[in-house]
Amino acid sequence: MINKINKYISDLSSKETEIRRRAVERLGELRTEECIEPLLKALGDEDWRVRKTAVSALLNFEHNDNIFIGLISSLRSEDNAGLRNAAVEVLTKLGALSVPFLIDTLKDNDRDVRKFAADILGDINDKRAANALINSLSDTDENVSLSSVESLGKLRDESAIEPLVKALKESDDKLFLYTVIKALEMIGNPKIVDVLIEMINKNGIEKAVVEALGAIGDIKSLDALTASFKDKKLRNSALNSIINIYEKNNEKNIRNKIVLKVKETLNDEAVSYLIDALENFNPKVRISAIKMLGWSKNLNSVKPLLKLIDSDYKNEVINAIINIGRDAEDAVIEEIIKGDEVVREAIARILGEIGNKKSVNHLTLLLGDENGHVRQTSALALGKIGDAAASKALIDLLNDEYPNVQEAAVDALSRIKDKSLISHFVKMLSNENENIRGNGARILGKINAKEAVGNLLFMLKDESPYVRQCAVNALGSINDPAVEGGLMVALTDEEKQVRYAAVSAIVGKKNKKFLNPLISLLNDNDIWIRVAVVKGIAEIGGKDAVQPIIEMLDDKVGVVKIAAIDAIGMIGDKKATNKVVELINDKDWDVKLAAIKVLGQLKTEGAKSALEDLMRMEKDAMLKQYASDILGKIEK
């Protein structure tokens with residue numbers, strides 16, 4: 001082997017790049033002590049392919065102190081940047097193994113090597129390095145000190161907060177202060193907010209402080225940030241930071257407090273700034289300005305906002321105008337004629353969210369728009385407003401060429417619940433178009449039209465499975481005993497989607513008298529109907545349904561077995577334990593897992609014994625872990 005190694009070492013001096021690269025590759029495969037030094041030397045090869053191969057080779061070695069010593073030594077090379085960079089790459093990728101050596105290197109006599117060590121420790125992100133990096137804050141070399149600050153920020157270790165704050169208060173160097181603030185921002189602990197607020201007027205670092213407060217997102221900084229918003233030099237940063245705080249706090253009361261506080265600062269000059277910021281080169285500033293203009297409720301902002309409605313900021317603009325509210329309607333409506341289909345659709349959405357009946361006529365006109373998306377959005381908007389004046393126009397959309405538009409019309413008419421149109425919806429049931437018949441049935445169900453139960457029952461004989469399914473769903477939605485017989489009949493329909501709808505409708509009635517009719521479908525040839533029935537009888541029958549559910553544990557299909565196992569777990573009947581125990585040896589992995597989980601719910605001695613046996617016999621590590629966790633819970 002020594003001869004081979006010597007040959008490969010000799011090849012490292014070849015003028016041919018590929019010969020050198022192959023030599024490095026072979027030395028990496030041998031992975032002996034004698035290979036380490038030549039591989040470390042190869043990290044400085046003039047060709048990047050050789051260096052890359054050397055990096056890979058060293059990473060494949062088992063732990064060896066000499067590799068780390070050599071890599072640290074490579075950092076001293078002043079005339080070979082490729083060597084230094086390759087050494088940094090290996091040390092970084094070796095991660096936690098490198099940390100003790102790098103910590104020692106922070107005490108090296110060479111300031112450049114100390115800086116490399118600090119940088120790499122930050123990239124490795126191992127908190128064991130925190131104390132050493134804290135000590136390096138006072139390094140005699142400014143660059144080492146700055147790198148230590150940056151790396152402490154990357155570690156996000158809270159033990160660094162106190163020494164960083166101390167350094168912040170003691171230094172007057174603007175670059176150092178900026179770096180410390182960014183590190184504290186990365187750590188992100190709210191307890192540093194008060195310290196940062198104290199620094200907000202310190203010349204040269206105000207912007208960094210404002211940005212850090214926004215990133216941390218603590219409501220305590222709101223007053224300081226709104227004050228900074230008045231300073232034109234800090235305005236963009238303060239704007240972004242205020243929006244950040246709003247986004248980070250989901251509690252309604254806090255958000256309302258933020259909006260109210262901001263509105264106090266939004267005089268005409270501030271609103272003018274926000275309108276100008278809509279054209280800022282920074283997308284974050286533009287988005288923040290859009291949101292804050294919505295809070296302002298200033299009508300002068302509506303038209304400038306509308307100019308951005310056909311842009312990447314469409315949703316933000318829509319939400320901002322919705323926030324401005326009803327006062328924005330006139331300006332919005334003016335744009336209907338001027339705008340393209342994107343603008344018209346957005347306007348329809350805005351008017352629907354504002355919810356003022358004043359806009360019903362305009363939205364009704366948009367129901368006849370040439371663009372399907374505009375018609376769809378306008379229908380949904382009218383449904384949200386809920387004015388019966390739009391009902392007749394919406395009816396025309398039930399025969400639209402696009403299904404999504406039809407669906408929007410159904411949704412809108414269902415929300416409006418105009419009972420005066422029941423006769424019209426009933427008439428739809430006899431239309432030759434099956435979509436119209438189905439839509440008529442769906443609306444009658446959604447508006448709880450008890451008057452139409454007889455008509456819907458008749459539709460259970462319709463030639464279209466889709467229409468029969470719609471009729472079943474409608475009957476399930478109507479709270480009237482008269483629907484029950486029809487739903488029973490639908491359980492025997494020749495089409496599976498109709499039977500499935502009937503099962504769902506009957507389960508929704510939550511009445512035990514339907515238990516036996518549902519049980520009769522446990523032998524249905526469709527697996528999803530069997531699954532639905534198992535879940536349904538467990539829900540409405542409870543312990544009265546246990547025996548038929550136990551029988552379904554013998555089903556040939558895994559998803560049905562799982563449904564039955566889960567149903568037993570939900571009911572909690574311990575007499576099913578033995579049957580569930582059998583399934584921890586099922587061929588289907590998911591069935592086994594479901595059985596393990598339910599045995600944990602049953603908590604019988606038989607369940608405990610079976611799980612203990614599984615721990616001894618099972619080869620699958622994940623299943624064993626599940627069983628172990630569940631056993632632990634049983635034994636508590």
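The values are calculated or read from the model by the stated rules, or taken from the named source; none is laboratory data. What you see is a predicted model, and the numbers here were worked out from it, not measured in a lab. Here Cβ is always computed from backbone atoms with ideal geometry, including for glycine, and neighbour counts include all displayed protein chains. Note: areas computed on protein heavy atoms with side chains; ligands, DNA, RNA excluded. Shrake-Rupley method; radii C 1.70, N 1.55, O 1.52, S 1.80 Å.
Numbers at a glance
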quantity: Evaluation of Asn203 against (1) over 21 Å from Ile161 (Cβ atoms); (2) open to solvent by less than 60 Å² (accessible area, probe 1.4 Å); (3) not in a helix (DSSP H, G or I) (one fails), failing number; calculated: (2)
quantity: Selection within region 484-494 - part of a helix (DSSP H, G or I) and open to solvent by less than 50 Å² (accessible area, probe 1.4 Å); calculated: Glu484, Gly485, Gly486, Leu487, Ala490
quantity: Neighbours by Cβ (under 8 Å, 6+ apart or cross-chain): first from region 323-334, within 16 Å of Val259 (Cβ to Cβ); second of a type in the set (Ser, Thr, Tyr); calculated: Ile324/Ser296; Ile324/Ser301
quantity: Failed item in (1) more than 28 Å from Asp104 (Cβ to Cβ); (2) touching an Asp or Glu at 6+ places or on another chain (Cβ under 9 Å); (3) not charged (D, E, K, R), with Ser13 passing the rest; calculated: (2)
quantity: Answer residue from region 601-619, given it is outside any helix (DSSP H, G or I) and farther than 11 Å from Ile584 by Cβ and is farthest from the chain's Cα centre (by Cα) among those; calculated: Thr604
quantity: Region 20-75, residues that are outside any loop (DSSP other than H, G, I, E, B), of a type in the set (Val, Ile, Thr) and surrounded by fewer than 16 Cβ atoms within 10 Å (Cβ to Cβ); calculated: Ile69
quantity: Residue selected from region 537-568 under the condition over 18 Å from Leu602 (Cβ atoms), aliphatic (A, V, I, L, M) and in a helix (DSSP H, G or I), by the criterion most open to solvent (accessible area, probe 1.4 Å); calculated: Val559
quantity: Subset of region 569-600 (residues that are of a type in the set (D, E, K, R) and assigned to a helix (DSSP H, G or I)); calculated: Lys574, Lys575, Lys579, Glu582, Asp590, Lys592, Lys597
quantity: Region 601-630 residues that are under 12 Å from Thr577 (Cα atoms), paired with ones that are open to solvent by less than 50 Å² (accessible area, probe 1.4 Å) and part of a loop (DSSP other than H, G, I, E, B) (beta carbon under 9 Å, 6 or more apart); calculated: Gln601/Gly572; Leu602/Gly572; Leu602/Asp573
quantity: Within region 259-288, considering residues that are under 25 Å from the mean Cα position of the chain (by Cα) and buried (at least 18 other Cβ atoms within 10 Å of the Cβ), the one nearest to Glu316 (Cα to Cα); calculated: Ile287
quantity: Every residue from region 436-450 that is of a type outside the set (A, V, I, L, M), open to solvent by less than 10 Å² (accessible area, probe 1.4 Å) and under 17 Å from Arg415 (Cα atoms); calculated: Asn439, Gly440, Gly445
quantity: Every pair of residues 6+ apart whose Cβ atoms lie under 9 Å, when the first sits in region 520-533 and is without any contact (Cβ under 8 Å) to a residue 40 or more places away in the chain and assigned to a loop (DSSP other than H, G, I, E, B) while the second is open to solvent by less than 80 Å² (accessible area, probe 1.4 Å) and not hydrophobic (A, V, I, L, M, F, W, C); calculated: Asp524/Arg499; Asp524/Arg530; Asp526/Arg499
quantity: Subset of region 465-483 (residues that are open to solvent by 10 Å² or more (accessible area, probe 1.4 Å) and either farther than 18 Å from Lys510 by Cβ or touching a strand residue (DSSP E or B) at 6+ places or on another chain (Cβ under 6 Å) (or both)); calculated: Pro465, Tyr466, Arg468, Gln469
quantity: Close pairs from region 422-449: first on the phi > 0 side of the Ramachandran plot, partner among the hydrophobic types (A, V, I, L, M, F, W, C), Cβ under 8 Å, at least 6 apart; calculated: Asn448/Ile478
quantity: Check on Ile506, β-branched (Val, Ile, Thr), free of Cβ contacts under 8 Å to residues at least 40 places away in the same chain and open to solvent by 20 Å² or more (accessible area, probe 1.4 Å); calculated: no
quantity: Residue pairs meeting the criteria (Cβ under 8 Å; at least 6 apart or on separate chains; first under 17 Å from Thr179 (Cα atoms), in region 129-144; second aromatic (Phe, Trp, Tyr)); calculated: Glu142/Phe176
quantity: Residue among Asn109, Asn85, Asn131, Asn80 that alone is open to solvent by 50 Å² or more (accessible area, probe 1.4 Å) and within 19 Å of Val50 (Cα to Cα); calculated: Asn85
quantity: Total residues in region 393-442, condition of a type outside the set (A, V, I, L, M) and within 18 Å of Gly352 (Cα to Cα); calculated: 7
